[in-house]
1. Hey, does region 150-171 have a residue that's open to solvent by 60 Å² or more (accessible area, probe 1.4 Å), assigned to a loop (DSSP other than H, G, I, E, B), under 30 Å from D32 (Cβ atoms) and out of contact with any Lys or Arg (no Cβ under 6 Å at 6 or more places or on another chain)?
2. I want to confirm something. Restricting to region 25-55 and keeping residues that are within 16 Å of the chain's Cα centre (by Cα) and basic (K, R), which single residue is nearest to G75 (Cα to Cα)?
3. Yes or no: region 136-147 includes at least one residue that is in contact with an Asp or Glu (Cβ under 7 Å, 6 or more places away or on another chain), modelled with pLDDT of 90 or more, open to solvent by 20 Å² or more (accessible area, probe 1.4 Å) and under 28 Å from E68 (Cα atoms).
4. Name every residue in region 54-79 that is more than 16 Å from R118 (Cα to Cα) and either out of contact with any Lys or Arg (no Cβ under 8 Å at 6 or more places or on another chain) or not in a loop (DSSP other than H, G, I, E, B) (or both), in order of residue number.
5. Does region 123-181 hold any residues that are closer than 20 Å to E6 by Cα, under 17 Å from the mean Cα position of the chain (by Cα) and β-branched (V, I, T), and which are they?
6. Scan region 105-123 and report the pairs whose first residue is of a type in the set (F, W, Y) and whose second residue is in a strand (DSSP E or B) and at pLDDT 95 or above, with Cβ atoms within less than 6 Å and a gap of 6+ or a chain change.
7. Select from region 40-53 the residues that are outside any helix (DSSP H, G or I) and in contact with a strand residue (DSSP E or B) (Cβ under 8 Å, 6 or more places away or on another chain) and list them in ascending order.
8. Within region 39-55, is even one residue acidic (D, E), under 17 Å from F80 (Cα atoms) and either at pLDDT below 95 or surrounded by fewer than 16 Cβ atoms within 10 Å (Cβ to Cβ) (or both)?
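The values are calculated or read from the model by the stated rules, or taken from the named source; none is laboratory data. All of these numbers come straight from a predicted model, not from anything done at the bench. Here Cβ is always computed from backbone atoms with ideal geometry, including for glycine, and neighbour counts include all displayed protein chains. Calculation scope for accessible area: heavy atoms of the full protein, side chains included, ligands and nucleic acids excluded. Shrake-Rupley method; radii C 1.70, N 1.55, O 1.52, S 1.80 Å.
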Amino acid sequence: MPELPEVETVRRGLAPILVGNSFARVEQRRPDLRFPLPERFSERLQGRTIEALDRRAKYLLARLDDGEVLIMHLGMTGRFAIDKANGVGAPGRIARAPAQTPKHEHIVFHLRDGSAVRYNDVRRFGIMDLVPSSSLDSHALFKSLGVEPLGDALTSEWLAGKLKGKATSIKAALLDQRLIAGIGNIYACEALH
């Protein structure tokens with residue numbers, strides 16, 4: 001499962017394509033991922049401009065010009081592929097007949113500039129939701145999240161205070177998303193090695 005550093009890497013890769021661009025069309029090839037997609041998902045995204053692409057814990061947050069936020073979580077096997085505008089005609093590329101739609105490509109974001117961002121998720125553990133920005137902090141996915149591990153709030157003094165008197169292992173404490181948001185098993189093990 002992608003952990004926070006991998007999700008941040010995905011965010012940095014998607015930001016130059018998404019930020020400032022608009023959804024020309026959204027192909028929704030199934031009604032759900034891990035959970036049902038929001039009502040009128042494609043319709044609500046069409047024409048919207050992405051103003052920012054942020055990360056909170058292991059979630060990507062595309063902030064839209066209408067005040068909504070597109071929440072995206074990769075789950076275990078989710079990944080994004082980018083087709084840049086006019087990429088087929090780029091020097092050195094061989095033109096090929098269009099391939100069949102990949103079996104696990106569930107959502108395609110067609111962008112105003114001709115680019116496309118394709119979401120592929122074999123196991124369908126990913127999540128996509130649309131929520132008003134004003135209610136993001138109270139959303140079930142975010143209301144109990146702790147501090148960001150890369151933020152200024154996480155200091156050794158803060159952590160020592162939070163761990164004082166706990167009757168649990170330090171690894172279990174590091175994995176507690178209510179304490180520190182986004183640390184998974186791999187990075188908890190690495191931090192404790």
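1. Within region 150-171, none of the residues are open to solvent by 60 Å² or more (accessible area, probe 1.4 Å), assigned to a loop (DSSP other than H, G, I, E, B), under 30 Å from D32 (Cβ atoms) and out of contact with any Lys or Arg (no Cβ under 6 Å at 6 or more places or on another chain).
2. R34
3. yes
4. Across region 54-79, the qualifying residues are D54, R55, R56, A57, K58, Y59, L61, R63, L64, G67, E68, V69.
5. Within region 123-181, I127 is the sole residue that qualifies.
6. Qualifying pairs under 6 Å: F109/F23; F109/V26; F109/V117; Y119/F80; Y119/H106; Y119/I107.
7. Q46, G47, R48, T49, I50, E51, A52, L53, listed by residue number.
8. Checking region 39-55: at least one residue is acidic (D, E), under 17 Å from F80 (Cα atoms) and either at pLDDT below 95 or surrounded by fewer than 16 Cβ atoms within 10 Å (Cβ to Cβ) (or both).
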